[in-house]
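Undergrad: Take a look at the following structure, please.
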Amino acid sequence: MGQLTDIALVTQVVLFNNTKAFDTLVKKYQSPLRRFLLHQTMGNEPLADDLAQDTFIKAYLSLSSFRNLSGFQTWLFRIAYNLYYDHLRTQKTNVSLDDVSLSDTFQESPPSLEHKADVYQALQQLSADERTCISLFYLEEQSIDKISTITGMKTGTVKSHLSRGRTKMAAYLHENGY
């Protein structure tokens, strides 16, 4: 049912230039998309917000190319995934995601954010592909097939990244008292 609603909204935007229909799509998907990007950027809210905004702009400009081969949400997450990796490739410095330190980001965090910081620290232990698969599967509740579509990875590769990511995160969290 939700799929039909998305298709109807996309049709209204493409055929009738109905910006209110696109606004409905933005409201529906902005929280999950922002959350996904927030996990990818390991808590960097300004970057996640910028990438989410860029994703919606690119989606709006490319909406006529949406062919409904996958759901609208999958298509939107694919755009976000590509923009995120484009951002990483165009960084002037050659800093790996695995080398990014979160200590400055959460140093003066209120105690209620300690667990959030620990999750981001655990995510930092993963490779970028493992982090993407873990975020999409557990935090965004996407199926393995949808993750495969979003990332362009084979389903077996997605399953391997999930398995390795779970193992690494469990070990890190266990070592840190969880």
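Undergrad: I'd like the FRET efficiency for residue 129 and residue 61, computed as 1/(1 + (r/R0)^6) with the beta carbon distance as r and R0 of 45 Å, rounded to 0.05.
TA: So, using R0 = 45 Å, E works out to roughly 0.95.
Undergrad: Using the reciprocal of the averaged 1/r over all distinct C-alpha pairs, how large is the Kirkwood radius of segment 110-178 in Å?
TA: The Cα-based Kirkwood calculation yields 12.4 Å.
Undergrad: What is the gain in length, in nm to one decimal, between residue 49 and residue 154 on full extension, counting 0.36 nm per residue of separation less the C-alpha to C-alpha distance?
TA: Gain in length upon complete extension: 34.9 nm.
Undergrad: What is the distance, in nm, between label points placed 7 Å from the Cα along the Cα-to-Cβ direction at residue 176 and at residue 88?
TA: Distance between label points: 1.9 nm.
Undergrad: Rounded to whole Å, give me the distance from the Cα center of segment 111-162 to that of segment 14-90.
TA: 18 Å
Undergrad: Calculated FRET efficiency, residue 17 and residue 144, Cβ-Cβ r, R0 35 Å, to nearest 0.05?
TA: 0.45
Undergrad: If the cut-off is 29 Å between C-alpha atoms, which lysines fall inside it for residue 28, apart from same-chain ones fewer than 8 positions away?
TA: By straight Cα distance, residue 28 reaches 20, 58, 116, 146, 154, 159.
The numbers here are math on the coordinates, done by the rules we state, and not lab data. In this text, all values refer to a predicted model and were calculated from it rather than measured experimentally. Neighbour counts are summed over all protein chains in view; Cβ atoms, including those assigned to glycine, are modelled from backbone coordinates with ideal geometry.
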